[in-house]
Structures are given as C-alpha cells and as structure tokens.
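Okay, structure first, notes after.
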Amino acid sequence: MFLGTSGSMPTARRAPSALLVRRGGDRLLIDCAEGTQRQLMRSSIGLPELTEVFLTHYHADHYLGLPGMLKTFALRGREIPITIYGPRGLRELFAALRRIFGKLTYPYELVELQAGDVLDRGDYRVATFGVTHGVPALGYALVEETRPGRFDVKRADTLGIGAGPDRGRLQAGETIALPDGTVVRPEQVLGESRAGRTICVTGDTAPALGLLDLAEGADLLVHEATFCDDERERARETQHSTAREAAQVAAAAGVRMLALTHLSSRYFGAEAAKEAREVFPETVIPRDFDVIEIPFAERGAPRLLKGGALQPDPQRDALQSAPE
C-alpha cells in the first residue's frame, strides 16, 4: 500500500516516502515521511496500532513523520510496545527526536541493523541488503518460506488416510504410521513444493545491484526512480537512480513486477513509465493510495489497484484518473 510516492518534497498529489506491507495480520511500515499518519487516516485501514517501523535511512524525507505518529499513539493512550528498525545511527537519531515526541505511554525498542541481517518470522523473514546512497542505508526484502505442495486427497484416500490429524501432519512434512503399520511419507501425498512470495524495497539508492540475489525472481521490486535519463549525471552525483537504471535492475533480477517510486516533482509518472518500459515492460508507477496485490504465483500475477487503499469517492476518483 503506497502512502507516499514523491521524491524529496511533497507535491499536490504525492506525499513523501512511506509504504505499508500487509501480510495476514502483520503490518510493516517502511519509512515514515512527513504526513504519513494522515495518509494512513485517509486510507481504508485508518491509523492502526503499528508494532514495527522500518527506516531505510535518515534523510528527513524518510522519517519526519515518525515523531508525530509516536506522539499520536501516546495521546491515544497506547500501551503496546513498538519496535523501530534502521541502519547504523538509529539510536543517535532518537536521542534528538525525544525532544520532539517527549514522554510516551508505551515502550519502544530501537534495533540497528546492517546488510545481511535477517529477522525470522516463522513462515517468512525480513532480510536486509546494502544500497548506495552516501549515508548508512538499507533495503528490505520480505521473503516467504517455500510452501508444501498441494495435498492429493485421492491419493490419501487410496492409502487409507482418513480425514483428521494425520493429513495435517503429512502436510506439515511429518511421516505417519497407519494402524496397520504402513508408513506414509509426505512426498507420497504432496505435490512439488511451491515458492513463497518475495517483495524487495530499495529505499533511496543508486542502481542497487547488491540486491540481485535477494530479488532474483521476486514478485515485486519497489525501486526508487528519482530521475529520468535526461538527469542521469545528477542521479550519479546524488546517488539516486533513473527510471531506466531501475528497470535494468528489474530485468537482471527477473522480477515479476517493478514499481517505481520516489519520483522527482520535475517529472510526470508517464515519463518515467515510458523510459522504464522500454527495458522492462512490467513496470508500474503507483500513486499515493494505490495498492499492489501479490497472490501466490499459481494464482496469477501481481496487479496494481489504483486508489485501492481508499473508500470509493466518485469526485476524487475522477481527479485521480486525470493525467499528472
């Protein structure tokens, strides 16, 4: 869910960087720019009691909304803890931010990460990768574990495995013994293992070739594209990427969809899209409140839902459908 897709400053239609990843009951906020809590309040989910925030780096257009959001949580009487993750320098940043948000009603934990760190969540993990932006900075990948193959009900019936716990144990990868002593292994009733889903989010970076291993075959790569080719020298100077360069990374990694974000106000989305699609056709340019749904591979391709995070509003929808 794209909450902020502009470059270093807000525009009339785009807020600065913020992205919410929803997986089941988990909600992971990646970056929290100026106005992020209001963007959440305007969305269809409101401002939830987030328990995790991941910062890619400490340029102001990626964290300025965080102290205000933390204060709002306190004013609501929040008690549950929150964890803030980020690269080296997070504790130093919060030493300064405490003067802004003051005393909170709930505990918070600061976790400094480095490239290669992995947070294990059971059936998925959050992995960090290094990017190039001139300051300590990280990208984040949400990687689901491989899933068991489909359960063959007819085969189970033939083997005499009745409905119940034994089928569940086989699906979980356990070998079982039937009452007559017959041993049944999972591979006898399960098809081939199925891949989980992977999302990679770069944050601000020059072309992030270091993420290729994690991004290989990913369902979605969210890559910054601050500039187009006409400003490629400026992109190099500021360690940002052009739309074409981001598309080259997507093509090299063989991802299923590329979403370009962090667009400079000097460009319209259509310009960046045209440039990127010459290299990687499956490129989209989300606007604020757009959603990308990522089904399992066997259920179809990722798809962009324009305005998918907002309640229906005919007047607003007409405005958003107009060219930028």
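To the nearest Å, what is the center-to-center distance of the stretch 1-30 and the stretch 196-257, using C-alpha atoms only?
Using only Cα atoms, the two centres lie 17 Å from each other.
Give me the angle, in degrees from 0 to 90, between the Cα long axis of helix 243-253 and the longest principal axis of the Cα atoms of the chain, rounded to the nearest 10.
Rounded to the nearest ten degrees, it is 20.
Given a cut-off of 16 Å, what percent of all Cα-Cα pairs of the stretch 230-282 lie beyond it?
Across the stretch 230-282, Cα pairs with separations above 16 Å total 37 percent.
How large is Rg/Rh for the stretch 3-60, to two decimals, with Cα atoms and a Kirkwood Rh?
Taking Rg over the Kirkwood Rh, I get 0.95.
Quick one: putting +1 on the C-beta of Lys and Arg, -1 on the C-beta of Asp and Glu, what dipole do you get for the stretch 1-81 around its Cα centre, in Debye to the nearest 20?
300 debye
Which of the lysines could a cross-linker span from Lys71 if the Cα-Cα distance has to be under 23 Å and same-chain partners fewer than 8 positions apart are dropped?
Output for Lys71: Lys103.
Given the convex hull over the Cα atoms of the stretch 175-324, what projected area results after averaging over all orientations, in nm²?
Approximately 12.7 nm², given one-decimal rounding.
Over the Cα atoms of the stretch 55-160, compute the convex hull volume and normalise it per residue, giving Å³.
With only Cα atoms used, the stretch 55-160 gives 161 Å³ per residue.
Given the options Pro16, Val131, Gly46, identify the residue whose Cα lies farthest towards the positive end of the charge dipole of the stretch 1-156 (+1 on Cβ of Lys, Arg; -1 on Cβ of Asp, Glu).
So the residue we want is Gly46.
Report the antiparallel proportion of the DSSP beta bridges in the chain as a percent, rounded to a multiple of 5.
So the antiparallel bridges in the chain amount to around 60 percent.
Kindly provide log₁₀ I(q)/I(0) values, in the same order as q = 0.27, 0.33 Å⁻¹, from the Debye equation applied to equal alpha-carbon scatterers of the stretch 152-196.
Per q value, in the given order, log10 I(q)/I(0) is -1.03, -1.45.
Net charge within 11 Å of Ser193 by Cβ-Cβ distance, Lys/Arg positive one each and Asp/Glu negative one each, not counting Ser193 itself?
Once all neighbours under 11 Å are counted, the net charge is 0.
In whole percent, what relative contact order does the chain give with Cα contacts below 8 Å and a gap of six or more residues? Each step should come with its number before you reach the end.
Details: 703 pairs, mean separation 48.7, N = 324.
Contact order relative to length: 15 percent.
Putting +1 on Lys and Arg Cβ atoms and -1 on Asp and Glu Cβ atoms, find which of Gln239, Ile100, Tyr58 reaches farthest to the positive end of the dipole of the chain.
Ile100
At 1.4 Å probe size, with every protein chain present, just tell me what the per residue accessible area of the chain comes to in Å².
47 Å²
In whole percent, how big is the carbon plus sulfur part of the accessible area of the chain, probe 1.4 Å, protein atoms only? Intermediate values should be presented prior to the final figure.
Numbers: 7700 of 15330 Å².
That share works out to 50 percent.
Which residue, chosen from Pro87, Cys32, Val153, occupies the Cα position most advanced towards the positive end of the dipole of the chain, where the dipole is computed from +1 (Lys, Arg) and -1 (Asp, Glu) charges on Cβ about the Cα centre?
Positive-most Cα among the choices belongs to Cys32.
The values are calculated or read from the model by the stated rules, or taken from the named source; none is laboratory data. Since the structure is predicted, the reported quantities are computational estimates derived from the model, not experimental observations. FYI the Cβ positions are ideal-geometry reconstructions off the backbone, even for glycines, and counts take in every protein chain you see. Quick note on the areas: whole protein, heavy atoms, side chains included, nothing else; ligands and nucleic acids left out. Shrake-Rupley method; radii C 1.70, N 1.55, O 1.52, S 1.80 Å.
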